[in-house]
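Data first, discussion second: the structure below is written as structure tokens.
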Amino acid sequence: MLLLRCPLLLLLLPLSSRPQKLPTRDEELFQMQIRDKAFFHDSSVIPDGAEISSYLFRDTPKRYFFVVEEDNTPLAVTVTPCDAPLEWKLSVQELPEETSGEGSGEPEPLEQQKQQITNEEGTELFSYKGNDVEYFVSSSSPSGLYQLDLLSTEKDTHFKVYATTTPESDQPYPELPYDPRIDVTSLGRTTVTLAWKPSPTASLLKQPIQYCIVINKEHNFKSLCAVEAKLSSDDAFMMAPKPGLDFSPFDFAHFGFPSDNNSGKERGFLKSSAKFGRQTSSKPRADLQKVCIGNKNIFTVSDLKPDTQYYFDMFAVNTNTNMSTAYVGTFARTKEEAKQKTVELKDGKVTDVFIKRKGAKFLRFAPVSSHQKVTFSVHSCLDAIQIQVRRDGKLLLSQNVEGVRQFQLRGKTKAKYLIRLKGSKKGASMLKILATTRPNKQSFPSLPEDTRIKAFDKLRTCSSVTVAWLGTQERNKFCIYKREVDDNYSDEQKKREQNQCLGPDTRKKLEKVLCKYFHSQNIQKAVTTETIRGLQPGKSYLLDVYVIGHGGHSVKYQSKLVKTRKFC
């Protein structure tokens with residue numbers, strides 16, 4: 001197939017009285033033509049064996065040409081709609097074989113030749129309307145001028161066209177297996193495992209194939225071109241050309257041709273390159289995800305939402321040609337969240353709660369009497385957790401909680417409260433929670449904002465250390481404990497022992513240093529110090545301070561690692 005814009009085609013006709021014949025279609029000529037960019041200065045020519053990308057304005061038809069000069073020539077034409085359905089038609093008309101002029105040897109005027117070729121309606125070979133990737137394939141096509149007419153009636157859109165006269169040898173698109181379906185082999189609440197049969201292009205022809213999976217919640221995609229159009233920041237591959245303007249001067253890199261210094265590649269293996277006009281970067285979309293996984297033919301999609309329908313598409317991509325073929329897409333609904341038992345909270349009673357990593361627990365509080373206010377006190381023992389409180393379905397509170405927090409909400413007669421506690425992503429969570437309609441019922445002690453223990457380095461001796469910590473305006477009982485640890489005791493070990501909900505009752509009696517009551521009405525002066533004596537020289541100790549509330553519940557300050565002097 002020779003690729004010519006119609007006026008160029010007419011100019012190349014031999015100017016003699018003998019029967020005219022178009023130049024032959026050999027590989028050397030083809031390579032010469034694609035190196036000469038002026039030869040294809042317009043976008044109305046379809047190259048032989050290379051995919052082109054182009055743009056259609058709504059309700060504005062576009063026509064492409066190519067020439068088949070010999071009868072019984074194989075022909076394959078593939079049209080790929082990207083982001084809108086297309087109407088397209090392929091037709092052929094005969095080329096003029098002889099000049100007129102009554103043997104004078106003078107050629108016909110150019111306009112007369114042009115009308116003779118283009119004014120004829122031609123014979124329609126194939127037509128299609130829709131958004132599927134559609135093919136016209138013929139093992140024996142007549143010679144003539146072929147016209148491809150395209151139209152988009154829905155919106156401005158992109159599309160791709162590939163045409164070849166050597167379909168058996170080119171094979172730029174990966175071949176599908178005999179069963180091109182995607183199988184769902186495993187289904188969970190947040191995961192779906194997919195499997196598919198490999199492309200024969202990879203298994204038999206040993207060409208480099210990679211598989212790309214597309215996940216979304218809306219629908220299946222017919223082509224990777226449609227996926228990339230959706231993923232693109234401006235919902236397009238390239239900037240739309242301005243109406244009425246041509247693509248001239250034509251840059252072959254825009255439509256799949258290599259640059260001058262890379263023109264030695266074989267036809268059919270010309271990778272598409274830069275976008276036309278302004279570069280646009282693809283922004284990730286939360287509702288559409290594309291993952292290329294190499295040549296594996298099984299993959300588990302993770303981090304999905306429970307009880308949600310997802311659509312899965314698989315594309316085999318020939319990495320030599322950058323052209324792709326779609327498997328038959330599928331869809332699946334992830335499993336529902338396991339229905340959790342709702343824990344009933346009793347007014348004024350502390351409840352212990354354990355939550356698995358990334359898990360959640362639901363609690364219910366239904367006060368038996370009318371109330372003006374309701375108080376929720378939460379003590380997170382390890383990492384921060386999230387609490388949500390709804391009253392009769394209405395969200396009242398959504399907060400992250402670290403340490404001890406108290407929330408007071410306006411009450412309502414006969415109201416029911418649903419509490420959702422979400423655990424940490426780092427690991428399992430433990431907490432204590434209390435709900436009450438009695439504002440004076442405080443089971444957890446109040447804490448200062450800073451719960452660190454400070455050690456005074458200059459006051460260290462071989463047998464004692466001096467420390468300080470902050471208190472509050474509320475009178476509470478403080479107990480300090482010590483424990484000798486190895487010199488290689490690390491911060492990681494200390495972090496594992498930071499369960500703030502473990503009280504003094506879990507400690508050995510020999511570890512207790514003292515207990516005392518302390519508070520200050522002036523919050524700026526709510527600081528207390530203590531010197532811990534009877535320690536061994538050059539030894540490391542882990543110090544813990546517990547504050548104990550009126551209800552007997554305790555909260556541990558952050559542990560402090562100290563070391564006595566070795567020589568005094």
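The values are calculated or read from the model by the stated rules, or taken from the named source; none is laboratory data. Being a predicted model, the structure only gives us computed values, none of them experimental. Every residue, glycine as well, gets a Cβ built from its backbone with ideal geometry; the counts of neighbours run over all protein chains shown. These area figures cover heavy atoms from the full protein model, side chains too; ligands, DNA and RNA do not enter into them. Shrake-Rupley method; radii C 1.70, N 1.55, O 1.52, S 1.80 Å.
Panel values: the range 453-563, Kirkwood radius from alpha carbon pairs, Stokes-Einstein at 4 °C and 1.567 mPa s, translational diffusion coefficient 88 µm²/s. Report P(r) for the range 343-436: all Cα-Cα distances, bin width 5 Å, range 0 to the bin holding the largest distance, values in whole percent. P(r) over the range 343-436, rounded to whole percents: 3, 14, 28, 26, 17, 8, 3, 1, 0. Here Met430 sits with roughly 60 square angstrom of accessible surface, probe radius 1.4 Å. Site pair Glu94 and Arg533 shows an inter-label distance of 12.2 nm when each label is modelled 7 Å from Cα along Cα→Cβ. In this Cβ point-charge picture (+1 for Lys and Arg, -1 for Asp and Glu), the range 452-568 has a dipole of about 300 debye about its Cα centre.
Exposure check, 1.4 Å probe, all protein chains in place: Tyr310 carries approximately 20 Å² of accessible surface. Looking at the range 343-436, the accessible area is 54 square angstrom per residue; that uses a 1.4 Å probe and ignores ligands, DNA and RNA. Against the criterion of solvent-accessible heavy-atom surface with a 1.4 angstrom probe, Glu484, Glu134 sort, most first, into Glu484, Glu134. Just how far, in whole angstrom, is the range 390-439 from the range 177-238 if you go by their alpha carbon centroids? Here the two parts' Cα centres lie 43 Å apart. Residue ranking by accessible heavy-atom surface, 1.4 Å probe, largest first, among His371, His519 comes out as His519, His371.
With a threshold of 23 Å on the Cα-Cα distance, the over-threshold entries among Lys373/Lys477; Lys349/Lys416; Lys346/Lys373; Lys509/Lys539 are Lys373/Lys477.
Estimate the FRET efficiency between Lys525 and Ser186 by the formula 1/(1 + (r/R0)^6), using the beta-carbon distance for r and 41 Å for R0, to the nearest 0.05. For R0 = 41 Å, the calculated efficiency reads 0.05. In this label model, Gln498 and Glu484 are separated by 2.7 nm, measuring between points 7 Å along each Cα→Cβ vector.
Can you give me the % of accessible surface on the range 499-568 that is carbon or sulfur? Probe 1.4 Å, all protein chains present, nothing else counted. Carbon and sulfur together cover 50 percent of it. Accessible surface comparison of Thr342, Thr201, probe 1.4 Å, protein chains only, largest first: the order is Thr342, Thr201.
Placing a pseudo-label 7 Å from each Cα along the Cα-to-Cβ vector at Leu409 and Lys508 gives an inter-label distance of 4.5 nm. When the Cα positions of Trp196, Ser140, Pro167 are compared along the charge dipole of the range 132-206, Trp196 comes out farthest toward the positive end, with charges on each C-beta of Lys, Arg, Asp and Glu. Taking only protein heavy atoms and a 1.4 Å probe, the accessible area of the range 288-377 is 48% carbon and sulfur. Just to confirm, what accessible area per residue do you get for the range 453-563 at 1.4 Å probe, in whole Å²? Per residue, the range 453-563 has 56 Å² of solvent-accessible surface. What the phi angles of the range 526-535 give under the Karplus curve with 6.51, -1.76 and 1.60, with θ = phi - 60°, is a coupling list of 7, 10, 10, 10, 8, 9, 9, 10, x, 8 Hz, glycine and proline written as x. Restricting the trypsin sites (Lys or Arg not before Pro) of the range 364-444 to loop positions (DSSP other than H, G, I, E, B) with no more than 13 neighbouring Cβ atoms within 10 Å leaves Lys414, Lys416, Lys425, Lys426. Taken one residue at a time, the phi angles of the range 467-474 give Karplus couplings (6.51, -1.76, 1.60, θ = phi - 60°) of 10, 9, 8, 8, x, 9, 7, 8 Hz. Gly and Pro are set to x.
Full extension of the chain segment joining Glu218 with Asp71 gains 48.3 nm, where the gain is 0.36 nm per residue of separation less the Cα-Cα distance.
In the complete set of protein chains, residue-level accessible area for Leu382 is approximately 70 Å², probe 1.4 angstrom.
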